[in-house]
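Below is one structure, written out as C-alpha cells; the observations come after it.
The values are calculated or read from the model by the stated rules, or taken from the named source; none is laboratory data. Just so we're clear, the structure is a prediction, and the values are computed from it rather than from any experiment. Every residue, glycine among them, receives a Cβ derived from its backbone with ideal geometry; neighbour counts consider all protein chains shown.
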Amino acid sequence: MTAIVGLVHRRRVHLAGDSAGVAGYQLTVRVDAKVFRSGPYVMGFTSSFRMGQLLRHSLTAPQPEGDLEQFMCTRFVDAVRTCLKDGGWARKDAEQEEGGTFLVGVHGRLFTLDSDYQVAESADGYDAAGCGDQLALGALHATAALGMKPRQRLTAALTAAVHHSAGVRGPFTYATTPRHS
C-alpha cells in the first residue's frame, strides 16, 4: 500500500511519496523514505520496503547514455534485475522473472518500471504508483493548468490519496533530480 507520485517540470523530475507500511489491517508509519535521490536519478518505490532498500543501498545504476528510452529498457533494467536477484528479492515463476513497481526520473524524464520490468513513460508528464495511484493521478490532472509549483501539486495528489485510501499516510517525502543541461 502506497502512493508515489511524480512529475516533470522544467527538465527536472520531482517525486513524492507517503510513509505507510501496510500488512493486512496493520498500518505502520515508517521513517525510511520511499523516495530518494541516487546520482542523476530519483526513485520512488511501491511493492516492498525490502525492494526499496535494495534500490537505495545496493543498486549500482549505470550513468545514462545515448537514447534514454533504450538505455532504460536495457542497461538500467539489467542493473535493477541483478540488484534484486543478488539481494534475494526478485521472484521467478514459470521461467518469468518478477520484481516490483517503482517510478524513476532521470535527465528530465519520468519512467515507471513495472513488476515485469517493462519501462513505461506517460505522455502526460506525470505518473503515480501504488494503491493510491488513481486518486493521485486525478489530482495531478486537475492541477496541471493551475500554475502550481511541483511540490504543491505533488502534495495535493498525495493529500487526495490519503483522504480516500486506507493504505496511504503522511508524512510525505520529496526528491528531485539534479539540474540537467
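May I ask you to say which residue of Ala128, Ala156, Ala142 is surrounded by 14 or more Cβ atoms within 10 Å (Cβ to Cβ) and part of a helix (DSSP H, G or I)?
Values: Ala128 fails: part of a helix (DSSP H, G or I); Ala142 fails: surrounded by 14 or more Cβ atoms within 10 Å (Cβ to Cβ).
When all the criteria are applied, what remains is Ala156.
Going by the structure shown, is Ser115 over 18 Å from Tyr41 (Cβ atoms), modelled with pLDDT under 95 and not in a helix (DSSP H, G or I)?
yes
When the residues of the range 37-75 are filtered to those that are in a strand (DSSP E or B) and touching a residue at least 40 places away in the same chain (Cβ under 8 Å), which remaining residue is surrounded by the fewest Cβ atoms within 10 Å (Cβ to Cβ)? Please lay out each step first, then the result.
Let us first name the residues in the range 37-75 that are in a strand (DSSP E or B), namely 37-38, 41-45.
Subsequent filtering for residues that are touching a residue at least 40 places away in the same chain (Cβ under 8 Å) retains 37, 41-45.
On the way: Arg37: 16, Tyr41: 22, Val42: 25, Met43: 28, Gly44: 32, Phe45: 28.
Filtering the range 37-75 for residues that are in a strand (DSSP E or B) and touching a residue at least 40 places away in the same chain (Cβ under 8 Å), the one surrounded by the fewest Cβ atoms within 10 Å (Cβ to Cβ) comes out as Arg37.
Please go through the range 87-108 and pick out each residue that is more than 16 Å from Ile4 (Cβ to Cβ), in a strand (DSSP E or B) and of a type outside the set (S, T, N, Q).
Of everything in the range 87-108, those that are more than 16 Å from Ile4 (Cβ to Cβ), in a strand (DSSP E or B) and of a type outside the set (S, T, N, Q) turn out to be Arg91, Lys92, Asp93, Glu97, Glu98.
Looking at the range 86-108, which of its residues are free of Cβ contacts under 8 Å to residues at least 12 places away in the same chain and more than 19 Å from the chain's Cα centre (by Cα)?
Gly88, Arg91, Lys92, Asp93, Ala94, Glu95
With the requirement that a residue be touching a Phe, Trp or Tyr at 6+ places or on another chain (Cβ under 7 Å) and small (Gly, Ala, Ser), what does the range 18-39 give you?
If the condition is that a residue be touching a Phe, Trp or Tyr at 6+ places or on another chain (Cβ under 7 Å) and small (Gly, Ala, Ser), then Gly21 is the only one that fits.
In contact (Cβ under 8 Å) with a residue 12 or more places away in the chain, aliphatic (A, V, I, L, M) and farther than 25 Å from His180 by Cβ, is that true of Leu135? I'd like the intermediate steps shown before the answer.
Numbers: in contact (Cβ under 8 Å) with a residue 12 or more places away in the chain: yes; aliphatic (A, V, I, L, M): yes; farther than 25 Å from His180 by Cβ: yes.
Criteria met by Leu135.
Report the residue count in the range 8-36 for those that are polar (S, T, N, Q) and in a strand (DSSP E or B).
The number of residues fulfilling the criteria is 2.
From (1) surrounded by 16 or more Cβ atoms within 10 Å (Cβ to Cβ); (2) among the hydrophobic types (A, V, I, L, M, F, W, C); (3) assigned to a loop (DSSP other than H, G, I, E, B), pick out the condition that doesn't hold for Ala123.
Failed condition: (1).
Name the residue that is surrounded by the fewest Cβ atoms within 10 Å (Cβ to Cβ), counting only residues in the range 159-181 that are touching a helix residue (DSSP H, G or I) at 6+ places or on another chain (Cβ under 9 Å) and without any contact (Cβ under 8 Å) to a residue 60 or more places away in the chain.
The residue in question is His163.
For the subset of the range 4-36 comprising residues that are hydrophobic (A, V, I, L, M, F, W, C) and touching a helix residue (DSSP H, G or I) at 6+ places or on another chain (Cβ under 7 Å), which member is surrounded by the most Cβ atoms within 10 Å (Cβ to Cβ)?
Val5
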